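K.L.:
Pasting in a structure now, in structure tokens, and then I'll have a few things to ask.
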Amino acid sequence: MGSYLESALANISRHEQMIDGCNGRVKWAAKNAVFHLKMAAELLHVDPLISAFRAICAEEEAATALIFSLKRLNYEGASKIQFKSHQDKQAVIFFIHAMREWVNDFKAEVSQFFSDARLYPTEVNGRHAVGIYLPLVNTDKAVHPIPPLSLNVQGNSSWDEIINRIVAKKCDSDCFIGLKEYVEKRANFRNELLYATDKGIPSWKVGAEEFVANQCGIVEALLFSIGLIDPWGGKDKDRSPIVESCIAVFLKSFRLPKKAQVSAIDV
């Protein structure tokens, strides 16, 4: 096992205390995601196809943990996300990437005020969690959004519009007509690892280790998201408007009739 994959697995282990503080399906799906990655590493040179498959299962379990966290915290629309749907689970990371895109744009816009946003381990409500701080340029002070994802938008654009634009831009750059097509293509890859076609049986000749390491990064991004949401939530806590908009855009993309799917993310 190469040092890159070892490093990726070590990064995953940093989240174990946060996971242990979760409850029910959130906790056990996250634990299973970590287990799948460890087994993927063990199987890498024995059966690279099954190694890659377990790495995909790790992502789906981490996504399941996040979905159940949103359901536990009663986010509007979360009940409509189908945790048994491979496509729904494969779509979750897309919105994590969308938020990263927004963060990059945000950093460029406010670079004269803030340096890079940073994630850090913290504790809240007696649980291990993830926090965010935005260091103020040329000072020893920083802004701490509490809870971390409760950022409001001022100006002409709503969060729904911002997420819509990012999703549409990503789909367009990768030559997909919409999010549904994008996710279907990604979700079908798991079947390509398992089932024969009229051209032969599946095979994986090179790049399995890089794929598993990349899946570690995806799982870690999902675990960070859980740490930014689940420990901070509760009946007396505000819900994140960013998360609410991601759910709304997801439902528009996946739950509308076929003719409406393209316009649902078109801005």
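Throughout, read-outs are computed from the coordinates displayed, never taken from laboratory work. Being a predicted model, the structure only gives us computed values, none of them experimental. Please note: Cβ atoms are built from the backbone with ideal geometry, for glycine as well, and neighbour counts cover all protein chains shown.
K.L.:
Separation between the N74 and R100 pseudo-spin-labels, each 7 Å from Cα along Cα→Cβ, expressed in nm?
P.N.:
Result: 3.4 nm between the two label points.
K.L.:
Distance in nm between label sites at Y195 and L119, each 7 Å beyond Cα in the beta-carbon direction?
P.N.:
About 3.4 nm separates the two model spin labels.
K.L.:
Report the relative contact order of the stretch 46-130, percent, no decimals, based on alpha-carbon pairs under 8 angstrom and at least 6 residues apart.
P.N.:
Dividing the mean separation by the residue count of the stretch 46-130 yields 16 percent.
K.L.:
Could you please rank D230, D88, D172, D140, placing first whichever residue has the fewest other Cβ atoms within 10 Å of its Cβ?
P.N.:
Ordered by Cβ neighbours within 10 Å, fewest first: D140, D172, D88, D230.
K.L.:
Also: For the stretch 1-108, what relative contact order do you get, as a whole percent, if you take Cα pairs closer than 8 Å and at least 6 residues apart?
P.N.:
Rounded, it is 21 percent for the stretch 1-108.
K.L.:
For the stretch 21-87 and the stretch 175-233, compute the distance between their C-alpha centroids and round to whole Å.
P.N.:
Comparing the Cα centres of the stretch 21-87 and the stretch 175-233, I get a distance of 11 Å.
K.L.:
Of K80/K185; K84/K252; K31/K71; K71/K180; K89/K205, which sit over 29 Å apart, Cα to Cα?
P.N.:
none
K.L.:
Right, another one. Using Cβ counts within 10 Å as a stand-in for footprinting exposure, how do M99, M39 rank, fewest first?
P.N.:
The most exposed by this proxy come first: M39, M99.
K.L.:
Taking the Cα centre of the chain as the origin, how large is its charge dipole in debye, to the nearest 20, when only Lys and Arg (+1) and Asp and Glu (-1) carry charge on their Cβ atoms?
P.N.:
Value, rounded to 20: 700 debye.
K.L.:
Determine ³J(HN,Hα), in whole Hz, for all residues of the stretch 85-95 in sequence, where each value follows from phi through the Karplus function 6.51 cos²θ - 1.76 cosθ + 1.60 and θ = phi - 60°; x replaces Gly and Pro.
P.N.:
8, 4, 5, 4, 5, 5, 7, 4, 5, 4, 6
K.L.:
Let me ask something else. Please order H86, H36 by the number of other Cβ within 10 Å, starting at the fewest.
P.N.:
Going from least to most buried by this count: H86, H36.
K.L.:
Express the relative contact order of the chain as a whole percentage, based on alpha carbon pairs under 8 Å and six or more residues apart in sequence. Please list the in-between numbers first.
P.N.:
Details: 352 pairs, mean separation 75.7, N = 267.
Answer for the chain is 28 percent.
K.L.:
Which shape class, rounded, prolate or oblate, goes with the stretch 32-139 when its Cα gyration tensor gives a ≥ b ≥ c as root eigenvalues, a/c under 1.5 marks rounded, and past that a/b bigger than b/c marks prolate?
P.N.:
It is prolate, given that a/c is not under 1.5 and a/b is the larger ratio.
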